[in-house]
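To keep things clear, I will list the structure first and then write my remarks on it.
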Amino acid sequence: MLDIGSLFGYACLGAKLIGYQASGLDLPQYVEKFSSRFASWGIDNRPCDLSCEAMPFSDAAFDIIIAAEIVEHFRFHPLSFFQEAARVLKPGGRLIITTPNLTRFNNVAKLILGQSINWDIKDEYWDGAHQREFTTAELKYLAGTAGLETEAIRYEDFDYPDLGKITKLANKIIGTILPSRRRNIVIILRRSI
C-alpha cells in the first residue's frame with residue numbers, strides 16, 4: 001500500500017498494523033520532518049515532488065494507492081499524477097482518491113448568491129491552499145486518460161471541525177436529497193489487468 005501525502009504517517013501505520021506492507025510518499029520537507037517516526041515504525045517513506053519528479057518506485061509495485069485530500073493542492077496539471085499512479089499500480093490494483101467536491105451544495109449556494117467559491121482574494125495564498133477542486137466528470141476523465149477504470153464513486157460529508165452547525169445541517173439535508181452535492185468525492189479507480 002502506498003499513501004501519497006503521507007505526512008504524519010497515520011495511514012501507513014494503520015495499513016501496517018492490519019498486515020499491509022506500507023510505504024509513504026510526500027514532499028521532501030515533510031519526509032525529512034517525520035523521518036524518525038517512519039524509521040521507528042519500519043515504514044519506507046520517500047521524498048518526491050510530484051510536480052517535477054516521477055514516483056521513486058518500480059512499475060507495478062503496489063496493490064493499493066491512497067491519495068486522501070491531496071489532488072486539490074497540486075500546483076501542476078494532475079494528469080501526470082494519474083499517469084504515475086497507474087504506472088506504479090499492479091494490474092488490478094486500486095487508486096483511492098478523496099477530494100472536495102467542486103459541485104457541493106455550499107459552492108452552488110455561494111455562486112447563486114454571487115459569492116466566490118475560492119479563497120478570499122484579499123488573503124495571501126498559503127502552502128496548504130486548494131489550488132483547484134474537481135468535479136466527478138473531471139476525475140473520471142483524468143483517470144480514463146491515464147488508463148484507469150472507474151470502479152466506484154461515493155459522495156460523503158466528512159466532518160470538518162470548522163463547519164458551523166447551520167452548514168452541517170444544510171449539508172445533511174441536501175446530501176440526503178441530492179447525494180452528489182455532498183462535500184467530498186471518494187473515487188475508486190482500477191488499473192486494467
Filter region 47-88 down to the residues that are farther than 21 Å from K16 by Cα and in a helix (DSSP H, G or I) and list them by number.
V71, E72, H73, L79, S80, F81, F82, Q83, E84, A86, R87
Could you count how many residues in region 89-119 are touching a Lys or Arg at 6+ places or on another chain (Cβ under 8 Å), more than 30 Å from Q21 (Cβ to Cβ) and either of a type in the set (V, I, T) or buried (at least 22 other Cβ atoms within 10 Å of the Cβ) (or both)?
5
Here are C48, C52, C12: which of them is under 26 Å from L139 (Cβ atoms) and exposed (fewer than 14 other Cβ atoms within 10 Å of the Cβ)?
C52
Output the qualifying pairs, or none if there are none: Cβ atoms under 9 angstrom, residues six or more apart or on different chains, first residue in region 105-132 and outside any loop (DSSP other than H, G, I, E, B), second residue small (G, A, S) and modelled with pLDDT of 75 or more.
F105/A170; F105/G175; N106/A170; A109/A170; K110/S116
So, I64, is that one surrounded by 14 or more Cβ atoms within 10 Å (Cβ to Cβ) and either more than 19 Å from L163 (Cβ to Cβ) or in contact with a His (Cβ under 8 Å, 6 or more places away or on another chain) (or both) or not?
yes
Suppose we filter region 141-162 for residues that are surrounded by 16 or more Cβ atoms within 10 Å (Cβ to Cβ) and at pLDDT below 95; how many remain?
1
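The values are calculated or read from the model by the stated rules, or taken from the named source; none is laboratory data. Bear in mind that the values here come from a model prediction, so they are computed numbers and not experimental data. Every residue, glycine as well, gets a Cβ built from its backbone with ideal geometry; the counts of neighbours run over all protein chains shown.
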